[in-house]
1. From the cross-link list LYS79/LYS130; LYS141/LYS209; LYS62/LYS396; LYS209/LYS274, which pairs have alpha carbons spaced over 31 Å apart?
2. Considering Cα pairs under 8 angstrom that are at least six residues apart, work out the relative contact order of the chain and quote it in whole percent.
3. If you take the Cα Rg of segment 293-337 and divide it by 2.2 N^0.38 Å, with N the number of residues, what do you get?
4. Can you tell me which aspartates and glutamates have their Cα less than 14 Å from the Cα of LYS412? Leave out same-chain residues fewer than eight positions away.
5. Need one number: % antiparallel among DSSP beta bridges in the chain, to the nearest 5.
6. Would you mind telling me the share, in percent, of accessible area of segment 164-220 contributed by carbon and sulfur at probe 1.4 angstrom?
7. Antiparallel versus total DSSP beta bridges in segment 199-346: what percent is that, nearest 5?
8. Report, largest value first, the span of the C-alpha coordinates of segment 402-484 along each principal axis, in whole Å.
Amino acid sequence: MGQKGGLPFLLMFLYMLLPLCDCHPPGWSMRSMAAARTVSNHTARKVSDIAAEVAGYADVAKQIIDLAVFGAAQNRSYKRLADFTDTIGNRVSGSHNLEMAIKYMYNAIAQDGLYVHLEPVKIPHWVRGKESAEMILPRAKGLAILGLGSSVGTPPEGIEAEVLVVESFEELKRRASEAVGRIVVFNQPFVSYGETVAYRAYGASEAAKLGAVATLIRSITPYSINSPHTGWQDYQDGVKRIPTACITVEDAELMWRMAQRGQSIVVRLTMGAKTLPDADSFNTVVEITGWQHPEQVVLLSGHLDSWDVGQGAMDDGGGAMISWEALSLIKDLGLRPRRTLRTVLWTAEEQGGIGAQQYYNLHKVNMSNFDLVMESDLGTFTPVGLQFTGSDAARKVMEEVVKLLAPINTTKLETNGEGTDISPWMQAGVPGASLHVADSRYFWFHHTEGDTMTVQDPQDMNLCSALWAVVAYVVADLEDMLPR
């Protein structure tokens, strides 16, 4: 970085001192150092001032909470969810019901006085068809099943074969020679959803590699009342695709006990499942435009699709409704934040976040303008806190924001924001938050006929809506975006 003719002695002397006095690498100019000190001082001021700035929102946070929990909006999100799910029912990707659900929500939100538009996406279209299973030996017994998403069907006459029962992938590999020509039944114990779901996702391909003709997988749940649970599964490239379904915990354990006694078990499985060409669909987008920085966005979300069983009330009708309700509360109070509040009701989340990935691909060009992304997809039971992923500096801001939730006792800021639909943004460095609720019962009803309005509680939904609205509004209205 030298100049022609050599550096003057004084400049050279200052250059030599820079690393000693300020710990900056050679090459920093005096102007750069001064600017750096200014930025550092500014940051320090912001850290010390942020608590006061956020605390200034205590009154408006209380107004939001009072409206949602005690006021005119009390039980509104629950009523909206009941009206929606009772009218439409379940809403699997590619179905007519999902089309009707999107139209229903578009019209309902427009009637609510909020700006709403639809963004087109292409989504998978898997159809369950008729399905049944029965144990032939050692005694006749009907088996409750739910085919897994993307599964192929059986031949029209079905598959009748002897069963091999295993408790793990490791046991399957040890008994590989016994899998040939058999229906493999996985009786894996439930450890956690995140760990145990691997059997649902990959069980068919792992068994097919060893010559199995079908798989029946113990439902991924800690609790069962003879209830099968469906969900998506992934075939591995280059591996034969065999039919796969979930069975109940009770039937998996029954066949395990029979196998331990050395009894021969024979099952007949019939599945009419098939995959049709991708379907046209939409993400539903709702906005309150920011008054100062309309291009900057705080995004709230839940997914509108569900599986083709139950009502999809818990997964994820509740998350979708509180994400609409948050904007309703803010509108009703006549509030308008500096930045745009945007609710997105995703489509085809259950098939792997398909709608959300296409949204990300379309909007990532403006990534620097996304302030915070939020997702509710683990139920709307009693809220206990907010999970957050972001920089240490952003966490300090969010710690102050959740203090505003003291009236509803949800001031915990936990680590690791999560959600299939917001994960691309978080992986790219955008701060992300997810709703943490008392979810011990969530996987009891998850992806089953039991996911109905009976699982929902109106007061819980009031509290979730209040939390969602306070966090979204305050972050959107702060002087500065969250630090990356």
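1. Check vs 31 Å cut-off fails for LYS79/LYS130.
2. Values: 1080 pairs, mean separation 97.2, N = 484.
Result for the chain is 20 percent.
3. Values: Rg = 13.6 Å, N = 45, 2.2 N^0.38 = 9.3 Å.
The value comes to 1.45.
4. Cross-link targets: GLU399, GLU400.
5. 55 percent
6. Numbers: 1100 of 2140 Å².
Accessible surface attributable to carbon and sulfur in segment 164-220 totals 52 percent.
7. Working: 5 of 17 bridges.
Among the beta bridges of segment 199-346, antiparallel pairing accounts for roughly 30 percent.
8. If we take the Cα atoms of segment 402-484, the spans are 45, 32, 18 Å.
The values are calculated or read from the model by the stated rules, or taken from the named source; none is laboratory data. For clarity, every value in this text was computed on a predicted model and none was experimentally measured. Areas reflect the complete protein model, heavy atoms only, side chains present, ligands, DNA and RNA absent. Shrake-Rupley method; radii C 1.70, N 1.55, O 1.52, S 1.80 Å.
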